[in-house]
Amino acid sequence: MDHYNVLVVDDEKEIRDAIEIYLKNEGVTVLKAKDGIEAIDILHEHEVHLILLDVMMPRLDGISTTYKIREEKNIPIIILSAKSEDTDKILGLQVGADDYITKPFNPMELVARVKSQLRRYITFGTFEGTQKVIDLNGITLDQSSKEVAVHGEVVKLTPIEYKIVELLMSNAGRVFSISEIYERVWKEPNYNAENTVAVHIRKIREKIEFDPKNPRYLKVVWGIGYKMEK
């Protein structure tokens, strides 16, 4: 991989050091923090392209840290959770994380997920000849600036949220299954991704809909999937 900086945040030194070894073998520069407060300080001092963030930490836990980071930055965040319960994973996604990995993790899977998120993030602002502005019933998506606005007011989307909106707006009226959305946006096979996609859809609705419980734009087609209304 090209030169990327990844911030590893975990209160266990052994885990930080192990992840550093895995990522250094891929040519990644690793920054390390033992809690959320230290992580935020590092973000203010260094350019960071991705964060691996533990949930259970002293002083400032991973969920609260994700929330604070999302107030300022849209860099990819992968949650590391020692728990296998869906509640931890869903909560992390709800506050703005892009992905999660359950401990103990397979080093090859961790590296693969990091590479996948970095690819999406680094190409996020690159120019494509087909870039355009899509206007759909008051929602505007600018593929050049990677911004989405509702009635002229820019809404703050994470990279994953933006890619979902871009997919649906570029194909307005077409219904995409959960599996299709996951494989097109995450660019990996769909393995029990229903919760992951559903959480991101819910967060998008909270940002673009006047009444998220009765959405005008992002519609569910029961038993099939989601679409952006024409």
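The values are calculated or read from the model by the stated rules, or taken from the named source; none is laboratory data. Since this is a predicted model, take the numbers as computed values, not measurements. All Cβ positions, glycine included, derive from the backbone under ideal geometry; neighbour counts span all protein chains shown. Please note that ligands, DNA and RNA were not included when accessible areas were found on the heavy atoms of the full protein model with its side chains. Shrake-Rupley method; radii C 1.70, N 1.55, O 1.52, S 1.80 Å.
Is there any pair linking a residue in region 123-147 that is under 19 Å from Ile160 (Cβ atoms) and open to solvent by 30 Å² or more (accessible area, probe 1.4 Å) to one that is modelled with pLDDT under 55 and not aromatic (Phe, Trp, Tyr), with Cβ under 9 Å and at least six apart or on different chains, and which?
So the pair list comes out as Asp142/Gln131; Ser145/Gly125; Lys146/Gly125.
Just name the residue that is nearest to Glu153 (Cα to Cα) out of those in region 172-189 that are over 21 Å from the mean Cα position of the chain (by Cα) and open to solvent by 30 Å² or more (accessible area, probe 1.4 Å). Explain how you work it out, then say what you get.
Step one: of region 172-189, the residues over 21 Å from the mean Cα position of the chain (by Cα) are 172-175.
Add one more test, that the residue is open to solvent by 30 Å² or more (accessible area, probe 1.4 Å), and what stays is 173-175.
Working: Gly173: 23, Arg174: 26, Val175: 26 Å.
Among residues in region 172-189 that are over 21 Å from the mean Cα position of the chain (by Cα) and open to solvent by 30 Å² or more (accessible area, probe 1.4 Å), the one nearest to Glu153 (Cα to Cα) is Gly173.
For region 190-210, what are the residues that are over 26 Å from Val150 (Cα atoms) and open to solvent by less than 20 Å² (accessible area, probe 1.4 Å)?
The one that is over 26 Å from Val150 (Cα atoms) and open to solvent by less than 20 Å² (accessible area, probe 1.4 Å): Ala193.
How about region 120-230: which strands (runs of 3 or more DSSP E) wholly inside it have at least 3 residues that are at pLDDT 90 or above and of a type in the set (A, V, I, L, M, F, W, C)? Before the answer, list the steps.
Numbers: elements: 133-136, 139-142, 147-150, 153-155, 218-221, 225-228.
Because the criterion is at least 3 residues that are at pLDDT 90 or above and of a type in the set (A, V, I, L, M, F, W, C), the strands (runs of 3 or more DSSP E) in region 120-230 that meet it are 147-150, 218-221.
Yes/no per residue for (1) open to solvent by less than 30 Å² (accessible area, probe 1.4 Å); (2) of a type in the set (A, V, I, L, M, F, W, C):
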{"residue": "Glu14", "(1), (2)": "no, no"}
{"residue": "Glu26", "(1), (2)": "no, no"}
{"residue": "Ala39", "(1), (2)": "yes, yes"}
{"residue": "Leu50", "(1), (2)": "yes, yes"}
{"residue": "Val55", "(1), (2)": "yes, yes"}
{"residue": "Thr66", "(1), (2)": "yes, no"}
{"residue": "Glu72", "(1), (2)": "no, no"}
